[in-house]
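Structure record follows, encoded as structure tokens.
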Amino acid sequence: MPLILANENIEYKVVRIEGGHGSNTKFLEMGLVPGTKLKVIYNAKGPIIVSINGSKYALGKGLASKIIVREAV
Amino acid sequence: MKSFNIALIGNPNVGKSAIFNELTGASAHVGNWPGVTVEKKVGKFTYLDTEINVVDLPGIYSLSADSIDERIARDYIVKQKPDLVVCIADSTNLVRNLYLFVLLKELGAKTLLALNMIDLVKNKLEIDDAKLSQSLKTRIVKTSATKKIGIDKLKEAIFDELHHAEEELFVDYGSDIERSIEKIKNLLEDIDLPQNKRFLAVKLLEQDAAITEELKKLQKDNIVENALLEINNLEKIYPDLQTEIIEKRYALIEGTVKNTTKHLVSIEDRLTLSDKIDKIVTNRYLGIPIFAIAMLIVFEATFKLGGFFAGYIEQSFGWFGEASAQYIHNPVLQSFVKDGLIGGVGTVIVFLPNILILFLFLSFLEDVGYMARAAFVMDKLMHSIGLPGRAFIPLILGFGCNVPAIMATRTIADEKDRLLTILINPFISCTARLPIYVLLTSIFFSNKNPALIIFSLYTLGIIVAVASAKLFRSTIPKLKGKVSFLIMELPIYRLPTVRALALHSWEKTREFLKKAGTIILFGVILVWLLSSLPFGVEYASEKSYVGVLGKFFAPILSPVGFGFWQAAVALFFGLLAKETVVGTMGTLFGGEDKLSSTLPHLMDPLSAYAFMVMSLLYIPCLATIGVIYRETSSFKWTAFSVAYSLFIGWVSAFLIYQIGSIF
């Protein structure tokens, strides 16, 4: 499911990243590659905050909808 | 003395500026990269008998050519060929930070790795630097710029590395991709480009726009076409080749980090304090109120505290002007020194406390890590008017003074968003316009709710700013496009050092003095000249050039309700600083106390309101024009801002006066 539907305080794994070259590369270069585990810290109105490897990022909803995740087990 | 050039590079928020300051101390100075408004800092230090010049490259995540910052960094490394590139990494997030390092290695730059913020991983992460150094083929220094750890070691390592050859780091992309790299490399054999051939080949497979363009310029389209063929073949195996290439780099980095580090605490325990603060400041209900309070404090401090000092500065310049006049007997010279020179310099210096205090607070919020959260909190609201979250701070500051507000747009990374925020800022009603409103409402609206009248002007300013933002976004080609997507790191909170704060705010203040200052001074002297010439006329009287100018422009102002020459002259002087409008009116009518009896003969409440609207919107003051030029480095955009605001000011006043006259 896309990251915008993710629940707060749950850990997810990145399955794949959709969308154009520009945004895609940006994610990948910031360490958001398929297989990465991330935790959703905030997901309500406005941008989503995720924690990856202990660093936090704010992502606009548009970008977040391109990240496909599933719950990590 | 021998001299070498080195460059500092690293992700944003890794403490790169702090390292730069520690290395170069007072020798640093700030300029711009040629052709763009990205800040360029250079400095130097000496080690033994060697002078080492340091350039601080922009904070970036990678070396693709997507953003200006990345292009600047890449071009600098490739074309200026620094003798050493010091890559500064955040020890708390090695994987992401080492990505840039690996790219530098691939680019063929001679590198040195500094693991900064090492104090933050103490007792949390064990880094085997010998092993890491071996795996990454680089020398490693552990530093903490804020705690002053490892700075001497870093200097020593820089010096040593300048005398060593570079060791190559090989990223294995797997046999299929490697075969294509080899083929493209062969084609590149006798191409005259400064980059490493393997780097060029990999970048061609990643469809890097800048390199494709360079090859086309050399008329080597055949190589680009061959690369596309290889990409097509490879995409049969890897549907998403770009992702595959980036993942291969990450595979190397993740493996290396896993083998050379040991976590001493669990991930959950690592960033608890920052998380707890974030829970509050980014809370969906508390976020905006907290930001509002923070801004209110900055605002109050800047304009109350700054105003307090500004008052004294104004007084002392006034006194100084009077005093100097006593010693100069030639009336022309006396007027030049008193009204032109001292008055002019005073106009510049009066802004100084405001700017210094403002930048002190902003640097504090930025260095602590709060600014990124503020942008996050405001993002949604700002998006609805076509601007990114970061544009909110400059707009709010505009209510105090547009000059520091426009300078504060520097925190907006996207060039389009920044230009847009600069262009609409002058419509936010600054405190200098308040005296005009107060004077006219007290004369014309004293029994008709003056507070509401003033409030309506502030609101009109906001409406014009928002409408202009939308208009520019949809009509001007250079500003078209979507609001830049929000993707940013929320750095760990940390307390900045006093020294870093002082340095950051002083750097910006000094720049204001140097660049905007000269433009303001020039303008002041010009107005003085126009008011005093031809020789022998009374200063700024009907017969001076300003008076003539006023008479010339008065007919243009008559459709907007105030077609008398004094109004035109007052508006003309308002260019210096908007508060001057009131003072000029006073002088022209023989004292401010006479205004309440004379003005009602020339204006009615409607034309007085139109005059206030004009004062709000027409041409920004000289200081603002100076700073717009300084920040955009573009005569064209500065002229556009002046012309557009003049047009909007006139049209708005016209509509209000003409429509109001019907009723």
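Annotation for the A:B interface, with buried accessible surface near 3100 Å², both sides summed [1.4 Å probe; non-protein components not counted]. Net charge dipole, the protein assembly as shown: roughly 960 debye, given to the nearest 20, about the Cα centre with Cβ charges of +1 for Lys and Arg and -1 for Asp and Glu. Does chain B classify as rounded, prolate or oblate by the C-alpha gyration tensor (a ≥ b ≥ c root eigenvalues; a/c under 1.5 gives rounded; else a/b over b/c gives prolate, otherwise oblate)? Prolate is the answer for chain B, as a/c is 1.5 or above and a/b outweighs b/c.
If you count the DSSP beta bridges with both ends in the range B:17-168, what percent of them are antiparallel, to the nearest 5?
55
At q = 0.19, 0.21, 0.28 Å⁻¹ the log10 of I(q)/I(0) for the range B:284-345 amounts to -0.73, -0.80, -1.03, computed by Debye summation with a single uniform scatterer per C-alpha, solvent ignored. Converting phi to 3J(HN,Hα) with the Karplus coefficients 6.51, -1.76 and 1.60 and the offset θ = phi - 60°, the range B:463-475 yields 4, 4, 4, 5, 4, 5, 4, 5, 4, 4, 4, 9, 10 Hz in sequence order, with x at every glycine or proline. Computed extension length for B:A130-B:D176: 13.3 nm, one decimal, from 0.36 nm per residue of separation with the Cα-Cα distance subtracted. Translational diffusion of chain A was estimated from the Stokes-Einstein equation, with Rh taken as the Kirkwood radius over Cα pairs; at 4 °C and 1.567 mPa s the coefficient is 110 µm²/s. Once amide H atoms are built 1.01 Å from N in the peptide plane, which residues 5 or more positions from A:Y42, or in another chain, come under 5 Å H to H? Distant-sequence amide H within range of A:Y42: A:I49.
By the rule of a C-alpha distance below 16 Å, with chain neighbours fewer than 8 residues away ignored, the lysines paired with B:K276 are A:K39, A:K56.
In this structure, the pairs whose alpha-carbon distance is over 20 Å, taken from A:K37/B:K105; A:K37/B:K258; B:K40/B:K217; B:K551/B:K594; B:K416/B:K508, are A:K37/B:K105; B:K40/B:K217; B:K551/B:K594; B:K416/B:K508. Treating r as the C-beta distance of A:R16 and B:L169 and R0 as 30 Å, the FRET efficiency rounds to 0.60.
Net length available on complete extension from B:L333 to B:S474 is 45.6 nm, with 0.36 nm assigned per residue and the Cα-Cα distance removed.
The stretch between B:K216 and B:Y285 holds 19.5 nm of extra length on full extension. This uses 0.36 nm per residue minus the Cα-Cα distance. Couplings 3J(HN,Hα) of the range B:646-661, computed from phi: 5, 4, 4, x, 5, 4, 5, 5, 4, 4, 4, 5, 5, 5, x, 5 Hz, in residue order, whole Hz [Karplus 6.51 cos²θ - 1.76 cosθ + 1.60, θ = phi - 60°; x for Gly and Pro].
B:I288: net charge of surrounding residues, Cβ under 12 Å, Lys/Arg +1, Asp/Glu -1, itself excluded?
Details: positive: A:K45, B:R284, B:R373, B:K380; negative: B:D379.
Result for the local shell: +3.
Would you work out if the range B:185-321 is rounded, prolate or oblate? Take a ≥ b ≥ c from the square roots of the eigenvalues of the alpha-carbon gyration tensor; rounded if a/c is under 1.5, else prolate when a/b is larger than b/c, oblate otherwise. Taking the square roots of the gyration eigenvalues as a ≥ b ≥ c, the range B:185-321 is oblate. In the protein assembly as shown, a dipole from Cβ-located charges (positive for Lys and Arg, negative for Asp and Glu) runs towards its positive end, and of B:L154, B:A391, B:A323 it is B:A391 whose Cα lies farthest in that direction. Ligands, DNA and RNA left out, the accessible area of the range B:521-662 computed with a 1.4 Å probe is 72% carbon and sulfur. All C-alpha pair distances within the range B:558-639, sorted into 5 Å bins from zero, spread as 3, 14, 22, 22, 15, 10, 7, 5, 2, 0 percent across the bins. Entry comment: accessible area of the range A:3-71 is 35 Å² per residue, from protein heavy atoms only and a probe of 1.4 Å.
About its Cα centre, the dipole of the range B:521-662 is roughly 320 debye, where the only charges are +1 on Lys and Arg Cβ and -1 on Asp and Glu Cβ. Converting phi to 3J(HN,Hα) with the Karplus coefficients 6.51, -1.76 and 1.60 and the offset θ = phi - 60°, the range B:310-327 yields 4, x, 5, 5, 4, 4, 5, 5, x, 4, 4, x, 4, 4, 5, 4, 5, 8 Hz in sequence order, with x at every glycine or proline.
Normalised by the number of residues in the range B:521-662, the average gap of Cα pairs under 8 Å and 6 or more apart makes the relative contact order 21 percent. Determine the shape class of the range B:3-163: with a ≥ b ≥ c the square roots of the Cα gyration tensor eigenvalues, call it rounded for a/c under 1.5, and otherwise prolate if a/b is greater than b/c, oblate otherwise. Judged from the Cα gyration tensor, the range B:3-163 comes out rounded (a/c under 1.5). How much of the accessible area of the range B:392-515, in percent, comes from carbon and sulfur atoms when a 1.4 Å probe is used? Result for the range B:392-515: 71 percent of the exposed heavy-atom area is carbon or sulfur. With the helix formula -39500 (n - 2.57) applied to DSSP H stretches of n ≥ 4, the protein assembly as shown reaches a computed 222 nm mean residue ellipticity of -17000 deg cm²/dmol. Compared with the dominant principal axis of the Cα atoms in chain B, helix B:622-632 is inclined by about 20°. With axes computed from alpha carbons, what is the tilt in degrees of helix B:94-107 against the longest principal axis of chain B, rounded to the nearest 10 within 0 to 90? Once rounded, the angle reads 80 degrees. Summarised as an ellipsoid, the protein assembly as shown has semi-axes of 54, 28, 25 Å, derived from the eigenvalues of the Cα gyration tensor scaled by 5 and square-rooted, with the largest first. Selection among B:Y657, B:S446, B:H263 by position relative to the dipole of the protein assembly as shown gives B:S446 as farthest towards the positive end (Cβ unit charges, Cα centre). As a length-normalised measure over Cα pairs under 8 Å and 6 or more apart, the relative contact order of chain B settles at 9 percent. Here B:K2 is the anchor, and the lysines within straight C-alpha reach of less than 22 Å, apart from those fewer than 8 places off in the same chain, are B:K41, B:K44, B:K79, B:K81, B:K110, B:K153, B:K155. Normalised per residue, the accessible area of the range B:521-662 is 42 Å², obtained with a 1.4 Å probe and no contribution from ligands, DNA or RNA.
The values are calculated or read from the model by the stated rules, or taken from the named source; none is laboratory data. A quick note: this is a predicted structure, and the numbers were derived from the prediction, not measured. Methodologically, a virtual Cβ is constructed for each residue, glycine included, from the backbone with ideal geometry; neighbour enumeration extends over all protein chains shown. To get the accessible areas, we keep the full protein, side chains included, count just its heavy atoms, and leave off ligands, DNA and RNA. Shrake-Rupley method; radii C 1.70, N 1.55, O 1.52, S 1.80 Å.
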